[in-house]
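Written below as structure tokens is the structure these notes are about.
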Amino acid sequence: MGLDVYLWKGRESVEINSTLYPEHMFKIGYFRSSYNSGGLNTVLGTYGIPDLYGIFEYACCNSRLFKPNWKRSLARCDDAITQYRAILDGLLKGIRIHNVTCGPIGKGKLPQNTQEVFEIVKHELSRDPKLQFTNYGNASGEFYLEGETVIALVRGVSVCGPCMYVVTREESSPGDWYLQALEIIRETIQYVLAQPDRRKFSLSWSG
């Protein structure tokens, strides 16, 4: 599940490959943030950087179509990019925080010892890799089959009760996916501002 944001001109949707990153999931006219720890909104929120809601000042769900103030949105997007670039240049680069609820989900019960944990992991690793995500969560726990470097385990609480915050650091990559996403958001805003009839443009939000 995730948050999808679409650009519309009247009743016609706009979705164009980015000129900067044409292979990226984000497009001129389409943004997505999953609700898990790897979603754009979650990552930006962890760092205290404006997310999709903050950039466009979207605060209500009463109307399917929303007309942001595009000039103000551009300024906030530029600010988000500046802040995120500072993160990439500092000690916090690649930090991700995963919330693992310390309690059974549904009718399941918590494992009581290392052998029971081993059996859970063995079961997850035995799944058909063609039908399996590399990083995912389910009733048994959180699984990172790609592998991530854990740098801290912090006890805490969440809306679901006691939890463990697992702090990881992602390996560096040639192009940061989140920075590219922010740059495509800016590219979309600039696209709208360049149109002579920009008042006809709006966004729709899936959640």
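What follows draws every value from the coordinates through simple rules; no lab data is involved. Note that this is a predicted model, so its numbers are computed, not measured. Please note: Cβ atoms are built from the backbone with ideal geometry, for glycine as well, and neighbour counts cover all protein chains shown.
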_Under 22 Å between alpha carbons, and skipping anything fewer than 8 positions from K109 in its own chain: which lysines qualify?_
K122
*Could you estimate the translational diffusion coefficient of segment 95-169 from the Stokes-Einstein equation, with Rh from the Kirkwood formula over C-alpha pairs, at 10 °C and 1.306 mPa s, in whole µm²/s?*
117 µm²/s
*L3 long-range amide H proximity, modeled H, under 5 Å*: S33, S34, Y35
*Potential extension, D4-I120 segment - 0.36 nm per residue separation minus Cα distance*: 38.4 nm
*Rounded to whole Hz and in sequence order, give me ³J(HN,Hα) for segment 20-29 from the Karplus expression 6.51 cos²θ - 1.76 cosθ + 1.60, θ = phi - 60°, writing x for Gly and Pro.*
7, 9, x, 8, 6, 4, 6, 10, 5, x
*For a footprinting-style exposure proxy, rank S158, S202, S33, S18 by other Cβ within 10 Å, fewest first.*
S158, S202, S18, S33
*asked:* Show me, for segment 134-145, the HN-Hα J-couplings you get by feeding each phi into the Karplus relation (A = 6.51, B = -1.76, C = 1.60, θ = phi - 60°), rounded to Hz, glycine and proline as x.
replied: 7, 10, 6, x, 8, 5, 7, x, 10, 10, 10, 6
*asked:* Between S34 and I151, what is 0.36 nm times their sequence separation minus the Cα-Cα distance? Round to one decimal in nm.
replied: 39.8 nm
*asked:* 5 Å is the cut-off here: which amide hydrogens, built 1.01 Å from N in the peptide plane, fall below it relative to L145, excluding neighbours closer than 5 in sequence?
replied: N135, Y136
_Long-range Cα-Cα pairs in the chain (distance over 27 Å), rounded percent_ = 41 percent
_Longest site-free stretch - the chain; sites: GluC sites (Glu not before Pro), DSSP loop, at most 13 other Cβ within 10 Å_ = 58-145
*Would you kindly derive the ³J(HN,Hα) couplings of segment 113-122 from the backbone phi angles with the Karplus curve 6.51 cos²θ - 1.76 cosθ + 1.60 (θ = phi - 60°), listing them in order in whole Hz, with x for Gly and Pro?*
7, 5, 5, 5, 5, 4, 5, 5, 5, 4
*asked:* Whole angstrom only: what separates the Cα centroid of segment 135-207 from the Cα centroid of segment 6-47?
replied: 11 Å
*asked:* Helix-only estimate, please: 222 nm mean residue ellipticity of the chain, summing -39500 (n - 2.57) across DSSP H runs of length 4 or more and dividing by its residues, to the nearest 500.
replied: -9000 deg cm²/dmol
